[in-house]
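Down below is the structure, laid out as structure tokens.
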Amino acid sequence: MEIDSLTAPSMMDRMTSLHETRLDQVLRRLKGSGARRVLDLGCGSGHLLYRLAGERQFEAIVGLESCGDSLLQARDLLSEYLHDAPDRLRLISSSYTESQPGLGGYDAAAMVETIEHLKPGALSAAERVVFAQMRPRVVYITTPNREYNPLYGLSPGQFREPDHEFEWDRARFRLWSQGVARRNGYRVVMGGIGDHDSEFGQPTQTAFFTRQE
């Protein structure tokens, strides 16, 4: 079936819509978990933090980001919250691949479209810091589903963003997530976000980890 290029949404429009849908879904999952103290690991320019800050349920919110430019954008977006409630919302310039002894004991952590920016060799460090050191009660991870990329018009091996180090198919992400859960005393439920295709699945794939007590 041919699609009229004048009326079909562009890839950028579709990605923007997916981004908003993804953030809304993450917010719902974190609210539904009953969390009150939340980490946004790899918070970027702060769009999830902005949603979290608008919910009274969350009493302590921390954004962790290693990119200085993104952190400046987050500070600008969140300036009102940072000024009015500095004890409730914090931004930290650092990475979740580095030891974070002060960030243990939180109820939940979100890692939204961030692991694919890591060098593959850094994944073990991220696992150690997040799941063995921080050990939040729940962790929600989202990452691109590589299988869906042809529906965005991408060629084999082409990534959605030029700074992605990898993009996994569903089987690879499931294998990694199950290994992380098994090694660290969590259980994990796989899922997805966005329009579902019978062959390729959903554009965003998710893993929701719950710590086993």
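A few points about this structure:
- Test: residue in the stretch 93-102 that is assigned to a helix (DSSP H, G or I) and on the phi < 0 side of the Ramachandran plot: yes
- Checking each residue in the stretch 196-213 for being at pLDDT 95 or above and either more than 17 Å from the chain's Cα centre (by Cα) or open to solvent by 80 Å² or more (accessible area, probe 1.4 Å) (or both) picks out His196, Asp197, Ser198, Glu199, Phe200, Gly201, Arg211, Gln212.
- Residue list for the stretch 66-107, restricted to those being open to solvent by 40 Å² or more (accessible area, probe 1.4 Å), small (Gly, Ala, Ser) and touching a helix residue (DSSP H, G or I) at 6+ places or on another chain (Cβ under 7 Å): Ser93, Ser99
- Complete set of residues in the stretch 40-61 that are in contact with a helix residue (DSSP H, G or I) (Cβ under 6 Å, 6 or more places away or on another chain) and either small (Gly, Ala, Ser) or buried (at least 22 other Cβ atoms within 10 Å of the Cβ) (or both): Asp40, Cys43, Gly44, Ser45, Gly46, Leu48, Ala53, Phe58, Ile61
- Residue within the stretch 175-186 that is without any contact (Cβ under 8 Å) to a residue 12 or more places away in the chain, assigned to a helix (DSSP H, G or I), of a type in the set (A, V, I, L, M) and out of contact with any helix residue (DSSP H, G or I) (no Cβ under 7 Å at 6 or more places or on another chain) present: yes
- Restricting attention to the stretch 118-158 and to residues that are of a type in the set (Phe, Trp, Tyr) and assigned to a helix (DSSP H, G or I), the residue that is surrounded by the fewest Cβ atoms within 10 Å (Cβ to Cβ) turns out to be Tyr152.
- Residue check, Thr204 closer than 19 Å to Arg22 by Cα and polar (S, T, N, Q): yes
The values are calculated or read from the model by the stated rules, or taken from the named source; none is laboratory data. These numbers were taken from a predicted model, which means no experiment stands behind them. Note that we place each Cβ from the backbone using ideal geometry, even for glycine, and neighbour counts take in every protein chain shown. Ligands, DNA and RNA are stripped out before the accessible areas are found, and what is left, the full protein with its side chains, is counted by its heavy atoms. Shrake-Rupley method; radii C 1.70, N 1.55, O 1.52, S 1.80 Å.
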